[in-house]
Amino acid sequence: MAEYIYFFNKDTLIVKPPKKSPMFLRMIALLFAMVCGVLICSIRLKQISTSSKITYRNIRVIQIPDIDYGIKQIEIPLGNGTEQSEIPPVNYPKPQTFSRAECAHNPVQFFAIISMQRSGSGWFETLLNSHSNVSSNGEIFSVFDRRKNISSIINTLDKVYNLDWFTSASKNECSAAVGLKWMLNQGLMEYHEEIVEYFKRRGVSAIFLFRRNLLRRLVSVLANSYDRHAKLLNGTHKAHVHSHTEVAETLSSYKPVINSTSLISDLKEVEVTANKALKYFNSTRHIILYYEDLVMNRKKLNDVLDFLRLPRMELRSRQVKIHTGSLSEHIKNWDDINRALNGTVYESFLRDYKR
């Protein structure tokens with residue numbers, strides 16, 4: 001290719017390089033574009049190849065964060081000393097006897113108050129039923145036919161948790177928690193394996209309520225038994241209807257004589273029974289309460305409402321405590337009982353709270 005030489009004057013010589021062909025520049029640009037295209041395609045192919053090797057696995061949700069409604073998860077103590085957090089299952093009952101109407105899409109928590117006679121369960125249940133969203137249907141299994149076998153028990157439970165069991169406490173279609181009160185001697189221990197399986201299958205939460213002071217419970221049991229037979233108030237048994245101070249005073253006037261010889265073995269038997277119940281139902285979702293704790297600190301009722309995932313509100317009961325003050329005022333042979341329990345593991349029962 002020829003070079004162009006310019007002479008500006010006889011002393012200056014400028015040599016100008018030849019111009020590159022436009023075709024040559026186009027070829028270089030095209031080659032660069034092709035190389036870039038190949039690189040981009042190879043990178044994309046690698047990504048596709050890698051993603052095709054990913055396999056989807058089943059994922060189990062360990063914990064779903066709670067919406068902040070003032071609700072917390074309850075730590076459930078296990079037998080091995082560890083703890084687990086459990087969120088109660090969501091239940092949407094479909095009753096056969098009525099329509100839940102606009103509340104059909106509202107979840108309902110199932111519960112059972114598990115206790116022993118004269119442990120404050122009646123008072124506790126009236127507190128729960130004062131909540132606008134709770135329906136606790138009482139001591140249903142006090143009737144033998146409802147607990148004569150496991151089939152009768154399951155049929156009764158199905159009616160309760162399907163909202164087809166009606167009592168004065170029923171909130172019907174807009175209940176947010178429904179349950180009953182169940183004593184340990186009402187078929188619960190006899191058929192515990194089947195009942196635990198039912199609780200797990202239906203998502204029933206157990207609320208255990210016991211008394212710490214078993215001596216006070218014994219006084220109440222004996223007074224209740226006497227009233228049942230003597231019918232102190234106008235020929236009727238009033239131990240479960242003590243909503244009036246005068247009634248409570250009349251019932252508390254009876255001072256039982258307690259067998260001091262068998263007292264320790266009797267107290268131990270009650271402890272063993274309660275521990276068996278806790279062992280049997282340890283695998284269920286449950287909470288353990290003590291009557292004395294609730295009496296001394298009513299704020300502990302909030303723990304129960306949280307456990308049932310209910311909005312907190314003030315709970316009230318018209319029931320009046322019968323045996324108040326020192327136990328020495330309510331036991332006729334107090335000196336014998338005092339001697340029998342002094343120096344034993346049950347000595348603290350002699351000097352408990354004065355309320």
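In the range 142-174, the residue that is surrounded by the most Cβ atoms within 10 Å (Cβ to Cβ) out of those that are among the hydroxyl-bearing types (Ser, Thr, Tyr) and assigned to a helix (DSSP H, G or I) is TYR161. Of the residues making up the range 97-114, those that are of a type in the set (Gly, Ala, Ser) and either within 23 Å of the chain's Cα centre (by Cα) or part of a loop (DSSP other than H, G, I, E, B) (or both) are SER99, ALA104, ALA112. Here GLN117 does not qualify as assigned to a loop (DSSP other than H, G, I, E, B), surrounded by fewer than 15 Cβ atoms within 10 Å (Cβ to Cβ) and of a type in the set (S, T, N, Q). Among the residues of the range 328-350, write down those that are surrounded by 15 or more Cβ atoms within 10 Å (Cβ to Cβ) and of a type in the set (Val, Ile, Thr). Passing the criteria: ILE331, ILE337.
The residue pairs whose first member lies in the range 316-327 and is surrounded by 15 or more Cβ atoms within 10 Å (Cβ to Cβ), whose second member is in a loop (DSSP other than H, G, I, E, B) and among the hydrophobic types (A, V, I, L, M, F, W, C), and whose beta carbons are closer than 8 Å, counting only pairs six or more residues apart or on different chains, are ILE322/ALA239.
The set of residues from the range 265-290 being of a type in the set (A, V, I, L, M, F, W, C) and in a loop (DSSP other than H, G, I, E, B) comprises just one member, PHE281.
Given (1) buried (at least 18 other Cβ atoms within 10 Å of the Cβ); (2) in contact with a Phe, Trp or Tyr (Cβ under 9 Å, 6 or more places away or on another chain), where does LEU278 come up short, assuming only one miss? LEU278 satisfies every listed condition except (1).
In the range 283-304, the residues that are free of Cβ contacts under 8 Å to residues at least 60 places away in the same chain form Cβ pairs under 7 Å with partners that are of a type in the set (A, V, I, L, M), at six or more places apart or across chains, as follows: LYS300/LEU294. GLU139 falls short of the stated requirement of being surrounded by fewer than 14 Cβ atoms within 10 Å (Cβ to Cβ), modelled with pLDDT of 95 or more, within 23 Å of VAL270 (Cβ to Cβ) and not aromatic (Phe, Trp, Tyr).
Take the residues in the range 172-204 that are of a type in the set (D, E, K, R) and at pLDDT 95 or above; name whichever of them is farthest from the chain's Cα centre (by Cα). Of everything passing the filter in the range 172-204, GLU190 is farthest from the chain's Cα centre (by Cα).
Considering only residues in the range 284-325 that are among the hydroxyl-bearing types (Ser, Thr, Tyr) and at pLDDT 90 or above, the one that is farthest from the chain's Cα centre (by Cα) turns out to be SER317.
If the condition is being over 25 Å from CYS103 (Cα atoms) and of a type in the set (Lys, Arg), then the range 165-224 contributes ARG211, ARG212, ARG216, ARG217. Annotation note: Cβ proximity below 9 Å between a residue of the range 193-214 that is at positive phi and a residue that is assigned to a strand (DSSP E or B) (sequence gap 6+ or interchain) occurs for GLY203/GLN109; GLY203/PHE110.
Of the residues examined, SER260 is one that is more than 16 Å from GLY120 (Cβ to Cβ), surrounded by fewer than 18 Cβ atoms within 10 Å (Cβ to Cβ), over 33 Å from the mean Cα position of the chain (by Cα) and modelled with pLDDT of 95 or more. Checking the stated criteria, SER220 turns out to be of a type in the set (S, T, N, Q), surrounded by 16 or more Cβ atoms within 10 Å (Cβ to Cβ), part of a helix (DSSP H, G or I) and touching a Lys or Arg at 6+ places or on another chain (Cβ under 7 Å).
The values are calculated or read from the model by the stated rules, or taken from the named source; none is laboratory data. The shown structure was predicted, so the numbers you read here are calculated from the model rather than taken from an experiment. Neighbour counts are summed over all protein chains in view; Cβ atoms, including those assigned to glycine, are modelled from backbone coordinates with ideal geometry.
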